[in-house]
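> Here it is: the structure, laid out below.
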């Protein structure tokens, strides 16, 4: 590099220094920053409330999904049991008829009727108990799911 | 200076630490952001965002890295994120709008220093060369300090600086010849 080029480079350096030395944030930078901080500080606590709300919503959603799944399983089980009962009744109808006739001869039709009612009542009560229904809730007339909500 | 700020951070006094941090680092943070964004308004926004981040995360500064290294890393990441957001916005907008935006940006850079032609050539440098030039000449910094700010090796900074000066000398020489 000759002296003329050196001189040109020095002049370029001086121009760059002169032009770039003025590169700074606009006036009032600190004031604007200080004015912004209270809002930032307030926003920092907001995520806590939002996170809590989100957590509760997730929990609610999880429980609702679990209840939906349980209802689906219960429904499927009842359907399968119902179909199985119908098929069994269809398949064993002659044997059942013979059994009924034998029992009727031995105990009488009234006793058979009471026994049938008792069986149906016991099954119904077992089903109600599975839904947390008790005699107290029935007597009070409260909805069956009032204590579970 | 950094030691006093670190003491305030360790003492859990972020407001006082910030009060010392801003005057000490404002120009450097702004220069670094400008070198990446080539837009004064965007660099101002990024600088504000950087100091807010520093204030919010002072509790997380463990002193394992130098304070300046931590600040420069946050500045670079924030500026690069802002640049990506802006490019996405521009790419989504109409070509006419992009042209207007580019025009506004180029005019903004000519508003300072009375050297519009020089600024135009500095802004037109390749990204790394422009960042090196801006930081080197803004406060007569050493190449070592510029390397620290940009997170690149000293020799790479020297190479970029050398190429940038040659490019600027050539561009300005050609422009002067055209004007003459």
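Read-outs: derived from the displayed coordinates by stated rules, not from any lab. What you see is a predicted model, and the numbers here were worked out from it, not measured in a lab. No Cβ is skipped: glycine too gets one built from the backbone with ideal geometry, and neighbour counts run over all protein chains shown.
> What's the exposure ranking of B:25, B:61, going from fewest to most Cβ atoms within 10 Å?
B:61, B:25
> State whether chain A is rounded, prolate or oblate according to the following rule on the C-alpha gyration tensor (a ≥ b ≥ c being the square roots of its eigenvalues): a/c under 1.5 gives rounded; otherwise a/b larger than b/c gives prolate, and the remaining case gives oblate. All intermediate terms of the calculation are to be shown ahead of the outcome.
On the way: a/c = 15.03, a/b = 3.57, b/c = 4.21.
Since a/c reaches 1.5 but b/c is at least a/b, the shape of chain A is classed as oblate.
> Where does helix A:93-107 land angle-wise versus the long Cα axis of chain A, in degrees 0 to 90, nearest 10?
Approximately 50 degrees, to the nearest ten.
> Run the helix sum for the protein assembly as shown: -39,500 (n - 2.57) per DSSP H stretch of 4+ residues, divided by residue count, reported at 222 nm to the nearest 500 deg cm²/dmol.
-28000 deg cm²/dmol
> Based on the mean of other beta carbon atoms within 10 Å per residue, what is the order of A:109-116, B:35-42, most packed first?
Top to bottom by mean Cβ count within 10 Å: B:35-42, A:109-116.
> Let me know the shape class of the range B:29-80, please: from the alpha-carbon gyration tensor, a ≥ b ≥ c as square roots of the eigenvalues, rounded when a/c is under 1.5, otherwise prolate if a/b is greater than b/c, or oblate.
On the way: a/c = 3.19, a/b = 1.88, b/c = 1.70.
Taking the square roots of the gyration eigenvalues as a ≥ b ≥ c, the range B:29-80 is prolate.
> What FRET efficiency, computed as 1/(1 + (r/R0)^6) with R0 = 22 Å and r the Cβ-Cβ distance, is obtained for residue A:69 and residue A:48, rounded to the nearest 0.05?
0.10
> Moving to a separate point now. Measuring from a point 7 Å past the Cα of residue A:31 along Cα-to-C-beta, which residues in the range B:32-51 have an amide N at less than 18 Å?
B:44-45, B:48
> What is the fewest-to-most order of B:149, A:9, B:1 by other Cβ atoms lying within 10 Å of their Cβ? The partial results should precede the final answer.
Working: B:149 26, A:9 15, B:1 12.
Sorted ascending by nearby Cβ count, the order is B:1, A:9, B:149.
> Quickly rank B:152-160, A:70-78 as a protection proxy: mean count of other C-beta atoms within 10 Å, highest first.
In decreasing order of mean packing, B:152-160, A:70-78 become B:152-160, A:70-78.
> Something else now. Return the distance in nm (one decimal) between the two label points of a simple spin-label model at residue A:55 and residue A:8, each offset 7 Å from Cα along Cα→Cβ.
About 6.9 nm, to one decimal.
> Could you give me the percent of Cα pairs per 10 Å distance bin for the range A:4-76, shortest bin first, beginning at zero and ending with the bin that holds the maximum distance?
15, 15, 14, 13, 12, 11, 9, 7, 4, 1
> Kindly give the semi-axes, whole Å and largest first, of the ellipsoid equivalent to the protein assembly as shown, taking each as the square root of 5 times a Cα gyration tensor eigenvalue.
Equivalent ellipsoid semi-axes, largest first: 82, 25, 17 Å.
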